[in-house]
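Worksheet: one structure, shown below.
Each reported figure results from applying straightforward, stated rules to the coordinates on display, with no laboratory input. Small disclaimer: the values here were computed from a predicted structure and weren't measured. Positions of Cβ are generated from backbone atoms using ideal geometry, with glycine treated the same way; all protein chains shown enter the neighbour counts.
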Amino acid sequence: MSRYFLALPVFLVILGAAPGQDVPKLGPIAAKRVQTTETTLATAVAAIAKQSGIEVDLSSVDGAAKVEPIPAADFWPALESLARQTGTRFGPSAGKVKFAKGPAAPSSVDGPFRVSVKQVTAKRDFDTENTYYDVLLEVMWEPRFPVYLMDDTPKIAAASAGKVALTVGPGGGRVPTLGYRQLATVRLGGIPRSAATIDVLAGSFNVVAADKIWAVEFADLTGDKPMSQSKDGVKVTLQPVKRAAKSAQFDFSLEYPPSHPEFESFEQWASANRLRLYPPNAPKGFEPNEYYTSETGRRIAASYSYEAPAGKAATFADLKGWRAVYETSGPMVTQTVKFELKGIALP
């Protein structure tokens, strides 16, 4: 059965063979550090984009707006400083960060993650005569690494309005993510009618993420023995290619280190892996017609099938000079993202 590929980050680390390499102790994913000496929004953003490798879109705002230089800072605080100085806001957009006109909503930064208020909705249940508020949060992360799973609602540590502690609706499980942001709703009750703002809303999300995607290159596809490459405890093995005149099948097995987070049977992520096949001396590769992945704990089996287009001269009978590039996640971590939001205006 054919499947569509999920979007993957463009930052790839070429994986080379490193048998016997020690598995590093994984820590939380760190934020990119940046600084600027420029005095306009456009030049400051260009410097930040160059240092971080993250594209920033200013097409909807005035790039000539004057700004103060920013000393060494994490990526999100640096952009927030520029937004405050220019009366703008920003958010994720198609793998980029896009600035827009208008004031920013309350936000909180924890390393490479940023949590902001997207929407507040007042609701009344006429059956129970209860009134409550739904606070829609937008969790975004630097658009350079994948997040595979995230709590669908945060664990709330503090919530108050008018110096009154608020009730919090029940939480849920965790959900897969797509792209570089995820929305989550917090239901709050017990807000005094006289309150104009939510004084504080603090809590945390748990996420499963990897700080890089590896591009594993197999340059010789003519062998009759399995080929393996390893790095940081991740082992990728390509079995001998099964080929015919008009078709080829690539079978991979992957093994992740014991630190690999646990996934439920329905929480699959390896389908986002990607294989590209390059003909001799060709700069552009092509993707398979069909693929299949199977996950068992920290071990993965994957198969990718190619067929030459009907009526074309392309052939897979001899793969001499061809190469395959397989993209997969580096080691994953479970990371806690904390936030504290203050002064959330009520409708």
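Tabulated data
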{"quantity": "Charge tally in the Cβ shell below 9 Å around Ser303, where Lys, Arg are +1 and Asp, Glu are -1, Ser303 excluded", "calculated": "-2"}
{"quantity": "Selection of GluC sites (Glu not before Pro), the range 250-304, meeting DSSP coil and at most 12 other Cβ within 10 Å", "calculated": "Glu262, Glu264"}
{"quantity": "Loop sites in the range 224-307: trypsin sites (Lys or Arg not before Pro), DSSP, at most 10 other Cβ within 10 Å", "calculated": "Lys284"}
{"quantity": "Order of Val147, Val67 - criterion: other Cβ atoms within 10 Å of each residue's Cβ, fewest first", "calculated": "Val67, Val147"}
{"quantity": "Greater than 20 Å apart at Cα, pairs in Lys231/Lys284; Lys246/Lys320; Lys66/Lys98; Lys101/Lys338", "calculated": "Lys231/Lys284; Lys101/Lys338"}
{"quantity": "Solution diffusion estimate, µm²/s, Stokes-Einstein, the chain, Kirkwood Rh from C-alpha pairs, 25 °C, viscosity 0.890 mPa s", "calculated": "107 µm²/s"}
{"quantity": "Those chymotrypsin sites (Phe, Trp or Tyr not before Pro) in the range 231-317 that DSSP places in a loop and that have at most 12 other beta carbons within 10 Å", "calculated": "Phe266"}
{"quantity": "Ranked list, fewest to most other Cβ atoms within 10 Å of each Cβ, for Lys342, Lys96, Lys212", "calculated": "Lys342, Lys96, Lys212"}
{"quantity": "Residue order, fewest to most beta carbons within 10 Å, for Asp74, Asp251, Asp134", "calculated": "Asp134, Asp251, Asp74"}
